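S.K.: My questions all concern the structure below.
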Amino acid sequence: MNPHRAIDSDFLFLIYDVAQLVRRQADKRARTYGMTRAQWAVLARLQREPGITQSRLASLTDVEPITIGRLVDRLEANNLIERQPDPEDRRIWRLRLTPKSAPILKQFAAFRRELHDEMAEGLNASDLDMLVTCLQRMRTNLTKRKLPGSRASMA
């Protein structure tokens with residue numbers, strides 16, 4: 001068997017390659033708006049989950065809390081997001097978008113539609129539905145997976 005063929009059909013390699021290509025496209029587009037992909041990701045997450053905490057944001061984006069802190073500081077300095085005190089716990093800050101972020105999020109949505117259309121070229125609706133279903137299953141499988149050495153797997 002051709003070793004290159006095995007790599008080309010290995011879905012782990014394919015997922016990695018596609019994700020890397022998407023990141024490159026997002027980096028390139030974000031730079032045209034004077035932002036980073038990470039800043040776009042923070043804004044997009046806040047659009048989906050208004051009022052999220054900084055620590056939860058760090059966890060969801062798989063970024064160190066100090067890095068998220070710097071990103072949030074920059075976005076807040078540019079008046080794109082704001083920190084609001086949590087009404088239940090004064091140690092916690094809730095993050096919210098400001099009206100100034102709306103045009104940027106609109107540009108991001110347009111980019112996502114363009115990228116989606118480019119990636120989905122040649123695929124029919126049932127192919128895309130199956131792809132989404134499979135990726136959701138894979139995410140669920142990995143989310144509930146117990147890592148060797150973790151307390152949950154030792155019980």
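S.K.: Here are some conditions: (1) exposed (fewer than 14 other Cβ atoms within 10 Å of the Cβ); (2) under 17 Å from the mean Cα position of the chain (by Cα). Leu71 meets all but one. Which one does it not meet?
M.R.: In the conditions (1) exposed (fewer than 14 other Cβ atoms within 10 Å of the Cβ); (2) under 17 Å from the mean Cα position of the chain (by Cα), Leu71 misses (1) alone.
S.K.: Checking the structure you have, find out if any residue of the range 85-93 is outside any loop (DSSP other than H, G, I, E, B), among the aromatic types (Phe, Trp, Tyr) and out of contact with any strand residue (DSSP E or B) (no Cβ under 8 Å at 6 or more places or on another chain).
M.R.: No, the range 85-93 contains no residue that is outside any loop (DSSP other than H, G, I, E, B), among the aromatic types (Phe, Trp, Tyr) and out of contact with any strand residue (DSSP E or B) (no Cβ under 8 Å at 6 or more places or on another chain).
S.K.: Condition (residue is within 15 Å of the chain's Cα centre (by Cα), assigned to a helix (DSSP H, G or I), surrounded by 15 or more Cβ atoms within 10 Å (Cβ to Cβ) and without any contact (Cβ under 8 Å) to a residue 12 or more places away in the chain) applied to the range 29-52: is it met by at least one residue?
M.R.: Checked against the condition, which is being within 15 Å of the chain's Cα centre (by Cα), assigned to a helix (DSSP H, G or I), surrounded by 15 or more Cβ atoms within 10 Å (Cβ to Cβ) and without any contact (Cβ under 8 Å) to a residue 12 or more places away in the chain, the range 29-52 yields at least one hit.
S.K.: Please go through the range 87-118 and pick out each residue that is more than 18 Å from Thr36 (Cβ to Cβ) and touching a residue at least 40 places away in the same chain (Cβ under 8 Å).
M.R.: Trp93, Arg94, Arg96
S.K.: For the list (1) in a helix (DSSP H, G or I); (2) modelled with pLDDT of 90 or more; (3) in contact with a Phe, Trp or Tyr (Cβ under 9 Å, 6 or more places away or on another chain); (4) under 21 Å from Ala102 (Cβ atoms), I need the number of the one condition that Leu57 fails.
M.R.: Looking at each condition in turn, Leu57 falls short on (3).
S.K.: Okay, next question. Considering only residues of the range 99-111 that are of a type outside the set (A, V, I, L, M, F, W, C) and surrounded by 14 or more Cβ atoms within 10 Å (Cβ to Cβ), which is modelled with the highest pLDDT?
M.R.: Here the residue is Ser101.
S.K.: Right, next: Which numbered condition in (1) of a type outside the set (Lys, Arg); (2) at pLDDT below 95; (3) more than 19 Å from the chain's Cα centre (by Cα) is the only one that Thr143 fails?
M.R.: (3)
S.K.: Right, here's the next one. If Leu12 passes every condition in (1) exposed (fewer than 12 other Cβ atoms within 10 Å of the Cβ); (2) among the hydrophobic types (A, V, I, L, M, F, W, C); (3) within 21 Å of Leu115 (Cβ to Cβ) but one, which one does it miss?
M.R.: Leu12 satisfies every listed condition except (3).
S.K.: Next up: Is it the case that Leu75 is hydrophobic (A, V, I, L, M, F, W, C) and within 25 Å of Gln107 (Cβ to Cβ)?
M.R.: When the stated conditions are applied, Leu75 passes them.
S.K.: Of Leu123, Leu128, Leu75, Leu71, which residue is outside any loop (DSSP other than H, G, I, E, B), of a type in the set (A, V, I, L, M) and more than 16 Å from Tyr33 (Cβ to Cβ)?
M.R.: When all the criteria are applied, what remains is Leu128.
The values are calculated or read from the model by the stated rules, or taken from the named source; none is laboratory data. All figures in this text were calculated on a predicted structure; none of them were measured in a lab. No Cβ is skipped: glycine too gets one built from the backbone with ideal geometry, and neighbour counts run over all protein chains shown.
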